[in-house]
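Student: This is the structure I want to talk about, given as structure tokens.
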Amino acid sequence: MIRKFFRHIFVKKDPTSNTVAKLQIIPCKKHKITRDQINPCAVKIATDLQQAGYSAFIVGGAVRDLLLGLEPKDFDMATNATPEEVRAIFRRSRIIGRRFQLVHVMCGSVTVEVSTFRGPLPANTNSAIKTIKHTDQHGRLLRDNVFGSQEEDAIRRDFTINALFYDPSSEEIFDFLKGYNDIKEKRLRIIGSPERRYREDPVRMLRAVRLAAKLNMQLDPATAAPIGDLAPLLQNVPPARLFDEMLKLLLSGHALTSVIDLRARGLHHGLLPMLDIILEQPLGERFISLALKSTDQRVQQNKPVSPGFLFASLLWHEILTAWNRHQTLEEKPIPALHLAIDEILTKQHKKLAIPRRFDVVIKEIWTLQPRFQARNGSRPFRLITNPRFRAAYDFMLLRCESGELDQDIGDWWKTFVNANAEKRETMLIENQAAKKRRKQRHRRKAISKNLISLDRSITGTEK
Ligand code: ATP
Ligand code: MG
């Protein structure tokens, strides 16, 4: 009886904040998540760990998503076994990471991430022999490899809704921070002191915006309050990590809402450099909104999306500006476009916003754009067989939709793409004929102009 009481109500004070952890165990009949909703590999790994005498839980995003009726992307696990102990149980497993060690356990084609409960870090220690710094001068965590108890692990997670543990054996949820309640009330609440948690890891501000958009939740007022002031801390985050988090945001299926919210909270400045400039131009804003909307739709329909396409869109208005500039400096259109591409991509790499592996796709989408305007001879046939045609074509349609490119061009291509071979031939012949008519009109105009001026010079009326 007493044991049961302690098992159900456990109060612990987090030593690093004013967070009070109070364990509630929620039974299956209340939360309704059953074992068969969990990936069988994850269930097997949890069972094996438990049979070896350890505790093991599904944790984080998967529990949250199941409670919200969403399909989890992956099933992460947390255990009190150390990485070496986990490694010893599973033949097909390997320890990864340095700053944050965890074990990848392979099961068929599935990989489950198993992490050992983390605890709070000791304050920065200075001794005569060595200095161990756990945070930088802004309070950002530099390492996070201290093991702890289950409740300490809950407390060091980011949001209450991400700190729920599901035991596949008992089908119970272990909730230390009222995360279950927050899920039901659609509230995103950071764990502990918001300011300190953002200082430890400024990426949490981006995660707040992304998760609120993805899960259709409201930021708790105290969680939202410090974001505006602390936004500049994002500058200290290693660019590769920032890029990964931005990519998650842009491919979340809720990119448009997230980007609007990033702007509203002043988080977009200096993030992806182009967002600063482009979102402030009406045409650029329209183009980006359309690009993000179509990406969101594809993600929501489970269609593949290409980050290259997305970045080509985000940078397009910078390319247009640079392209115009190079043309006014007497460059011909195509060489001017190549100069603009080199200039903008070099600028991006310096700030390291976009890794080079996306360059090929981005460049191809851009360099194919002028070819949609040249519709004579066999050119459209050559363009349509280009391996990157589809992406470039979708991109061109977005340009039309945003008002940057003449809608007639987009309509012509839509008909051409959907036509059979015979119809395509006819369209090209019509194009040829129209071109001929234009030329003749032009020639007639020129001749009549010459005749008028000849007439005037003969009659002496020329001014
Ligand atoms: P998604 O479904 O988008 O992947 P997620 O919550 O699963 O969302 P992950 O990046 O996979 O996000 O992280 C897994 C878990 O690790 C989170 O649910 C959270 O508990 C914890 N976590 C992730 N990032 C942080 C962070 N910056 N600070 C503290 N805890 C974090
Ligand atoms: Mg996840």
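The values are calculated or read from the model by the stated rules, or taken from the named source; none is laboratory data. What you are looking at is a predicted structure, and each value in this text was computed from that prediction instead of being measured. Note: ideal-geometry Cβ built from the backbone for every residue, glycine included; neighbour counts use all protein chains shown.
Student: Testing residue 64 on (1) more than 16 Å from ligand 2 (Cβ to nearest atom); (2) under 33 Å from the mean Cα position of the chain (by Cα), one condition comes back false. Which one is that?
Tutor: Answer for residue 64: the failing condition is (1).
Student: Moving on to the next point. I need a count of the residues in the stretch 337-354 that are more than 22 Å from residue 287 (Cα to Cα) and in contact with a helix residue (DSSP H, G or I) (Cβ under 7 Å, 6 or more places away or on another chain).
Tutor: Within the stretch 337-354, residues that are more than 22 Å from residue 287 (Cα to Cα) and in contact with a helix residue (DSSP H, G or I) (Cβ under 7 Å, 6 or more places away or on another chain) number 4.
Student: Additional query: Could you tell me whether any residue of the stretch 275-288 is away from ligand 1 (no atom under 16 Å from the Cβ), buried (at least 17 other Cβ atoms within 10 Å of the Cβ) and at pLDDT 90 or above?
Tutor: No, the conditions are met nowhere in the stretch 275-288.
Student: Which residues, taken from the stretch 84-104, are surrounded by 15 or more Cβ atoms within 10 Å (Cβ to Cβ) and within 16 Å of ligand 1 (Cβ to nearest atom)?
Tutor: Those that are surrounded by 15 or more Cβ atoms within 10 Å (Cβ to Cβ) and within 16 Å of ligand 1 (Cβ to nearest atom): 101, 102, 103, 104.
Student: How about the stretch 366-408: which of its residues are without any contact (Cβ under 8 Å) to a residue 40 or more places away in the chain and of a type in the set (Lys, Arg)?
Tutor: Here is the first cut: in the stretch 366-408, the ones without any contact (Cβ under 8 Å) to a residue 40 or more places away in the chain are 367-371, 373-374, 379, 382-390, 392-393, 396-397, 400, 405-408.
Correct list: 371, 379, 382, 388, 390.
Student: Consider only pairs whose beta carbons are under 7 Å apart and that are at least six residues apart or on different chains; among these, list those whose first residue lies in the stretch 354-365 and is assigned to a helix (DSSP H, G or I) and whose second residue is among the polar types (S, T, N, Q).
Tutor: Sorted first by the residue in the stretch 354-365, then by its partner, the pairs are 361/306.
Student: Could I ask something else about it? Quickly run through the stretch 152-179 and pick out the residues that are in a loop (DSSP other than H, G, I, E, B), of a type in the set (Asp, Glu) and closer than 21 Å to residue 199 by Cβ. Steps first, please.
Tutor: So the first thing to find is which residues in the stretch 152-179 are in a loop (DSSP other than H, G, I, E, B), and the list is 156-158, 163, 168-171, 176-178.
When the remaining residues are screened for being of a type in the set (Asp, Glu), the result is 158, 171.
Within the stretch 152-179, just 158 meets the criteria.
Student: Can you list the helices (runs of 4 or more DSSP H) found entirely within the stretch 15-122 that contain at least 1 residues being over 19 Å from residue 180 (Cβ atoms)? Break it down stepwise before answering.
Tutor: Working: elements: 28-31, 40-51, 61-67, 83-89.
So the answer is 40-51, 83-89.
Student: Is it the case that the stretch 232-245 has a residue that's under 28 Å from residue 311 (Cα atoms) and surrounded by 23 or more Cβ atoms within 10 Å (Cβ to Cβ)?
Tutor: no
Student: Could you tell me which numbered condition residue 259 fails, if it satisfies all but one of (1) at positive phi; (2) buried (at least 17 other Cβ atoms within 10 Å of the Cβ); (3) at pLDDT below 90; (4) not aromatic (Phe, Trp, Tyr)?
Tutor: Every listed condition holds for residue 259 apart from (1).
Student: Scan the stretch 76-110 for residues that are within 16 Å of ligand 2 (Cβ to nearest atom), at pLDDT below 95 and under 12 Å from residue 42 (Cα atoms) and report the count.
Tutor: Residues that pass the stated criteria total 1.
Student: Conditions: (1) without any contact (Cβ under 8 Å) to a residue 40 or more places away in the chain; (2) of a type in the set (Asp, Glu); (3) surrounded by fewer than 21 Cβ atoms within 10 Å (Cβ to Cβ). Residue 182 meets all but one. Number of the miss?
Tutor: (3)
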